[in-house]
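Undergrad: Shown below is the structure under consideration.
The values are calculated or read from the model by the stated rules, or taken from the named source; none is laboratory data. Note that this is a predicted model, so its numbers are computed, not measured. Quick reminder, even Gly has a Cβ in these numbers, built from the backbone with ideal geometry, and neighbours come from all protein chains shown.
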Amino acid sequence: MTRYRKVFSAFHNIYRLVTTFGDIQNFATGICRLYRSAFRADKVVMVCKNISSAGFLKVRLENKSQYIKKGGLSVLGRIEKQILKQQKEIISNNRLIYPFVFTDVLGAIYIKRSSKIKSFDEIEKKWFLSLCEEVSMGLKVFYSFHEQQKIMVSYIKSLSRFLNQYVPTSYLHTKPMFKLIKAMGKIMKLSEAEIKSLEYASTLHDAGKIQVPSGLLKKDAPLTDEEYTLMTKHPRKGIELIKNLEILKPAIPIILHHHERYDGKGYPSKLKKDKIPLGSRILAILDTFDAMYFGRPYRKERPMHEIEQELKKQKGKQFDPKIVEAFLKILKRKSIRKYLKSSPSKLSVTGKHQ
Ligand SMILES: [Fe+2]
């Protein structure tokens, strides 16, 4: 009975692995573990197309060791090349091999029991074939999702370029900001997904300003009450523009609350302290830093020592003190200073390039 249960749960786990839409390495490792457990295999090898590059990914589980290799054709062994080329399963007593094909070849798997005494029986062979059909479809869905994600990312980039032309005051300098977001993510132990959402939010946080009159955006004097009220609507208007894009859903609360203040005097919800989403608390500091460091069309850039002082002054007022501390640590790093100084955005602002 146990083995029936293991195979049934394997089917269910494939579905879970597919719908998690994680990275391909975790997906392939998860699939290999699942086969090892369902078929009591001594060796499981899976090869598939790598998402981030044009090559392949190979995962091998053997006894207690796990081996992962990424690269071009050289990653593939003789059997894997043969199976991908012939696109035909090989079913023997102690070795089961299957090419994952769904319109085109997506990868292959083979499992092995080391001794002939432990041959796979007929039921296991049938299970293996059904499970492989399921994985083929799962892989196709997985790749399609990532393909769609690539399209969405290029859409976000175009949208951000358009925003930069229409609302230059809202523009964050993408490359240095992403560098800072990655460093902050590491120091604050954010997950890959949280870092990605923060990157998207930093790109589109002021998208709602597209509905604010441009005269108001360019105004460099204190705003009237009426103007201020109009301006405070831009986070909500921004999320209206992107709320139907699945990939951007985690970025919505970050964008909505990027003007909240740690002391509760911000907008739109006057949230205080930890009630403000962590991503918004980080983005608030990055947004201010970007404006001070790179300047804005109507505001001059400021030297680093002044920026540091200003950030310290706003600890517990505008900003979360812990995040300010983490950010100041990052700004102290020589590598970050050098990167910021040499960033094309900085050079073009100061006119030192060419
Ligand atoms: Fe904003």
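Undergrad: What pairs come out if I take residues in the stretch 135-162 that are of a type in the set (S, T, N, Q) and pair them with residues that are surrounded by 14 or more Cβ atoms within 10 Å (Cβ to Cβ) and part of a helix (DSSP H, G or I) whose C-beta lies under 9 Å away, six or more apart or interchain?
TA: GLN148/ILE247; GLN149/ILE247; SER160/THR174; SER160/THR203; SER160/LEU204; SER160/ALA207
Undergrad: Look through the stretch 240-257, keep the residues that are modelled with pLDDT of 90 or more and buried (at least 18 other Cβ atoms within 10 Å of the Cβ), and return whichever of them is nearest to the ligand (Cβ to nearest atom).
TA: Among them, the one singled out is ILE255.
Undergrad: Count, please, the residues in the stretch 227-239 that happen to be touching a residue at least 24 places away in the same chain (Cβ under 8 Å), more than 25 Å from ILE151 (Cα to Cα) and either among the aromatic types (Phe, Trp, Tyr) or buried (at least 17 other Cβ atoms within 10 Å of the Cβ) (or both).
TA: Matching residues across the stretch 227-239 total 1.
Undergrad: Follow-up. Just to be sure I understand, how many residues within the stretch 288-302 are surrounded by fewer than 19 Cβ atoms within 10 Å (Cβ to Cβ) and touching a residue at least 40 places away in the same chain (Cβ under 8 Å)?
TA: Counting residues in the stretch 288-302 that are surrounded by fewer than 19 Cβ atoms within 10 Å (Cβ to Cβ) and touching a residue at least 40 places away in the same chain (Cβ under 8 Å) gives 6.
Undergrad: Hey, among the residues in the stretch 16-47 that are within 21 Å of the chain's Cα centre (by Cα), of a type outside the set (Val, Ile, Thr) and within 26 Å of ARG113 (Cα to Cα), which one's modelled with the lowest pLDDT?
TA: LEU17
Undergrad: Right, here's the next one. Out of GLU194, GLU260, which single residue is surrounded by 17 or more Cβ atoms within 10 Å (Cβ to Cβ), within 14 Å of the ligand (Cβ to nearest atom) and of a type in the set (Asp, Glu)?
TA: None of the other options fit; the residue is GLU260.
Undergrad: Does PHE100 satisfy the condition of being in contact with a Gly (Cβ under 6 Å, 6 or more places away or on another chain) and within 21 Å of PHE145 (Cβ to Cβ)?
TA: yes
Undergrad: Of the residues PHE289, PHE294, which is touching a helix residue (DSSP H, G or I) at 6+ places or on another chain (Cβ under 6 Å) and among the aromatic types (Phe, Trp, Tyr)?
TA: After applying the criteria, what remains is PHE294.
Undergrad: Considering only the stretch 144-164, I want to know if a residue exists there that is among the acidic types (Asp, Glu) and crowded, with 17+ Cβ neighbours inside 10 Å.
TA: No: zero hits.
Undergrad: Among the residues of the stretch 206-225, which ones are of a type outside the set (D, E, K, R) and under 19 Å from GLN165 (Cα atoms)?
TA: Result: ALA207, GLY208, ILE210, GLN211, VAL212, PRO213, SER214, GLY215, LEU216, LEU217.
Undergrad: Given the options ILE156, ILE109, name the one that is within 28 Å of the chain's Cα centre (by Cα) and not in a helix (DSSP H, G or I).
TA: Every option except ILE109 fails the conditions.
Undergrad: Residues in the stretch 269-282: is at least one in a helix (DSSP H, G or I), touching a strand residue (DSSP E or B) at 6+ places or on another chain (Cβ under 6 Å) and within 23 Å of SER191 (Cβ to Cβ)?
TA: no
Undergrad: Assigned by TED's automatic domain parsing to the domain that holds LEU248, under 20 Å from SER343 (Cβ atoms) and at pLDDT 90 or above - does that describe any residue in the stretch 165-172?
TA: The answer is no, given that none of the residues of the stretch 165-172 is assigned by TED's automatic domain parsing to the domain that holds LEU248, under 20 Å from SER343 (Cβ atoms) and at pLDDT 90 or above.
Undergrad: Sticking with this one: Taking the stretch 218-239 only, how many residues are within 11 Å of the ligand (Cβ to nearest atom) and either polar (S, T, N, Q) or assigned to a loop (DSSP other than H, G, I, E, B) (or both)?
TA: Summing the residues that are within 11 Å of the ligand (Cβ to nearest atom) and either polar (S, T, N, Q) or assigned to a loop (DSSP other than H, G, I, E, B) (or both) in the stretch 218-239 gives 2.
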